[in-house]
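Data block below; observations after.
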Amino acid sequence: MKTYYGKSVFNGVAIGKISIYQKGEQQVKRVKVEDTEHEKKRYSAAVEQATEELQALYEKAVKEVGEANAAIFEIHQMMLQDDDYKESVENIIDSQQVNAEYAVAATGDNFSQMFAAMDDEYMRGRAADVKDISERLLNVLGGKSKAGMDTEEPVIILADDLAPSETVQMNKDMVLSFVTVHGSVNSHTAILARTMSIPALIGTDIPLDDTVDGKLAIVDGSKGIIYVEPDETTLSEMQEKQKGEQEQKELLQTLKGKANITLDGKEIKLYANIGNSKDLATVIQNDAGGIGLFRSEFLYLEKDDYPTEEEQFAVYKTVAETMAGKQVIIRTLDIGADKQCDYFQIEREDNPAMGYRAIRICLDRPEVFKTQLRALFRASAYGNLAIMYPMITSVWEVKKIKEIVEEVKKELTEQNIAFGSPSQGIMIETPAAVMISRELAKEVEFFSIGTNDLTQYTLAIDRQNTKLDDFYDAHHPAVLSMIRMVIENAHKEGIWAGICGELGADLDLTQEFLAMGIDELSVSPGRILPIRKIILETNVEELKK
Ligand code: PEP
Ligand code: MG
């Protein structure tokens with residue numbers, strides 16, 4: 001057995017033979033021509049045919065991965081019609097008196113090099129798109145269909161890299177998994193793989209040769225591993241894992257696509273908690289209606305220095321885009337207590353859970369806070385993004401946050417940088433916030449109850465201290481009354497209230513929360529469907545009686 005490691009793009013276990021994907025790259029010859037008009041006509045006809053192909057691909061992709069993710073093929077169609085591209089091709093044909101193939105290949109190379117050299121990360125990413133459309137035109141001009149996979153049984157596709165068009169053109173029934181040597185987690189191909197719910201790895205250190213081609217392999221998407229010619233133990237372990245996933249999938253199939261509506265007609269937002277853009281795959285797989293808590297501090301924790309505005313912007317934008325119009329609630333930096341970041345150089349405290357943490361750090365170090373807010377406001381132009389502030393205890397904190405937000409918006413406007421208008425809410429995770437929730441509700445657009453901290457502060461039990469497990473009553477009536485109070489106060493002021501702490505995923509409490517009038521539950525992705533099942537079977541009015 002040989003083991004290779006990559007970065008996971010989508011979880012799941014795939015077992016099958018490896019098939020190395022052959023690219024249909026063209027060897028383009030430079031041929032002198034007399035009739036340049038004829039070459040230009042050939043080029044126009046090729047553009048027309050390629051546009052039709054892309055339209056067909058777009059329609060296929062809309063069905064398989066949804067409109068937002070299929071949009072890449074609309075963009076490719078627009079790129080084909082681009083005047084600069086067309087002028088360049090025609091100019092090369094005319095001035096050099098050469099064939100259309102050569103003019104397309106040269107234009108494709110020039111344009112993609114130009115994009116690749118740009119500072120803007122998004123523009124650099126477009127280099128691959130230009131190559132993709134040029135490649136398509138060359139195939140049409142050469143009368144060839146795109147290369148691909150030639151297989152009669154479902155296989156694990158192994159490739160150096162895959163373009164989005166190559167990914168979507170594959171017959172999904174024949175693909176067990178994608179494994180690539182190159183590629184980025186944020187590429188459209190990765191996004192498509194995730195949305196197709198196909199286990200996928202990128203950046204894998206695997207050779208593309210006969211030592212693996214045609215061999216039996218196992219892709220463990222959750223661990224980012226591919227085992228080639230697995231031994232008996234690994235094979236049976238992975239078959240077990242796959243079986244477990246299969247059972248979960250079956251439950252998923254019956255509930256997927258259903259609205260979270262109780263028997264008496266109340267609709268609940270059922271969102272997912274994530275710590276990382278890598279978690280998006282499971283969010284989509286489990287049919288979450290949005291993201292109710294993105295713990296943005298993980299971006300800070302995985303680094304040795306402050307993440308820059310651009311780095312943060314790229315992550316928030318990816319999440320907003322991938323969720324394609326569904327709400328994405330990003331919580332601002334919540335470090336301190338158990339989540340320490342050395343480079344923040346926070347002095348040792350005797351009681352860190354009650355110390356310098358979360359919004360307190362942000363208000364004390366506005367330059368750090370502003371960098372994150374700028375990234376968030378900018379990313380909000382790319383989807384349905386909301387911002388949530390943690391560890392609030394007073395109304396003045398919210399007012400101060402609003403002042404800083406106004407400064408950030410003013411600066412962005414002055415700098416001519418686009419931004420959206422995200423909805424803004426707070427976490428209710430301190431008893432103080434519960435008690436003044438009516439006042440706080442006047443200031444914000446939503447509440448999300450952080451039951452992990454709320455329980456710790458209400459019961460005076462350090463959530464990290466395992467010695468106190470016997471005293472830790474997750475269903476303590478004090479906490480449940482507080483949740484009820486928060487929901488009531490939110491509703492009195494016309495805003496929604498949800499729970500994003502672990503208690504929200506407690507299936508024994510789902511009906512109780514519904515009876516309290518909860519509007520949203522944000523839970524780990526694997527809990528979405530079990531909770532949906534309860535919602536669908538509950539009559540809230542009956543319960544209340
Ligand atoms: C909470 O406190 O309930 C919460 C969701 O935030 P965290 O667990 O990240 O502190
Ligand atoms: Mg908390």
Gyration tensor verdict on region 36-141 (Cα atoms; rounded if a/c is under 1.5, prolate if a/b is larger than b/c, oblate otherwise): oblate
Along region 243-248, Karplus-curve 3J(HN,Hα) (6.51, -1.76, 1.60; θ = phi - 60°) to the nearest Hz, with x for Gly and Pro, reads 5, x, 5, 4, 4, 4
Over the chain, give the accessible area per residue in Å² for a 1.4 Å probe, as an integer. 45 Å²
Computed over region 267-544: relative contact order in percent, which uses C-alpha pairs under 8 Å that are six or more apart: 20 percent
Could you order peptides 249-256, 129-136 by the average number of other Cβ atoms within 10 Å of their residues, highest first? 129-136, 249-256
Counting only protein heavy atoms with a 1.4 Å probe and every protein chain in place, the carbon and sulfur fraction of the accessible surface of the chain in whole percent equals 47 percent
The equivalent-ellipsoid semi-axes of region 190-253, taken as the square roots of five times the Cα gyration tensor eigenvalues and listed largest first in whole Å, are 22, 18, 9
Residue by residue through region 96-113, what is 3J(HN,Hα) from phi via Karplus (6.51 cos²θ - 1.76 cosθ + 1.60, θ = phi - 60°)? Round to whole Hz and write x for glycine and proline. 9, 6, 10, 6, 4, 4, 5, 5, 5, 4, 5, 4, x, 4, 4, 5, 6, 5
Consider just the alpha-carbon atoms of region 267-544 and return their Rg together with their Dmax, both in angstrom. 18.1, 56
Under a point spin-label approximation (7 Å from Cα along Cα-to-Cβ), what is the residue 30-residue 303 distance to one decimal in nm? 4.5 nm
Calculate one ³J(HN,Hα) per residue across region 497-512 by plugging θ = phi - 60° into the Karplus curve 6.51 cos²θ - 1.76 cosθ + 1.60, and present them in order as whole Hz with x for glycine and proline. 10, x, 10, 10, x, 4, 4, x, 9, 7, 5, 6, 10, 3, 5, 5
Between residue 20 and residues 5 or more places away or on another chain, which pairs have amide H atoms under 5 Å apart, with H built 1.01 Å from N, and which residues are they? 158, 214
Under the helix-only model (-39500 (n - 2.57) for each DSSP H run of 4 or more, divided by the residues of the chain), the mean residue ellipticity at 222 nm, to 500 deg cm²/dmol, is -14500 deg cm²/dmol
Residue 176 long-range amide H proximity, modeled H, under 5 Å: 155, 156, 157
Return the long-range amide H neighbours of residue 10 (sequence gap of 5 or more, or a different chain), with a cut-off of under 5 Å between placed amide H atoms. 200
Dimensionless Rg/Rh of the chain, both radii on Cα and Rh by Kirkwood, sits at 1.02
Lys, Arg +1 and Asp, Glu -1 on Cβ, resulting dipole of the chain about Cα centre, debye, nearest 20: 900 debye
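The values are calculated or read from the model by the stated rules, or taken from the named source; none is laboratory data. Just so you know, these numbers come straight off a predicted model, no measurement behind them. When we count neighbours, we look across all protein chains shown, and the Cβ atoms used for this are built from the backbone with ideal geometry, even at glycine. Accessible surface areas use protein heavy atoms only, side chains included; no ligands, DNA or RNA. Shrake-Rupley method; radii C 1.70, N 1.55, O 1.52, S 1.80 Å.
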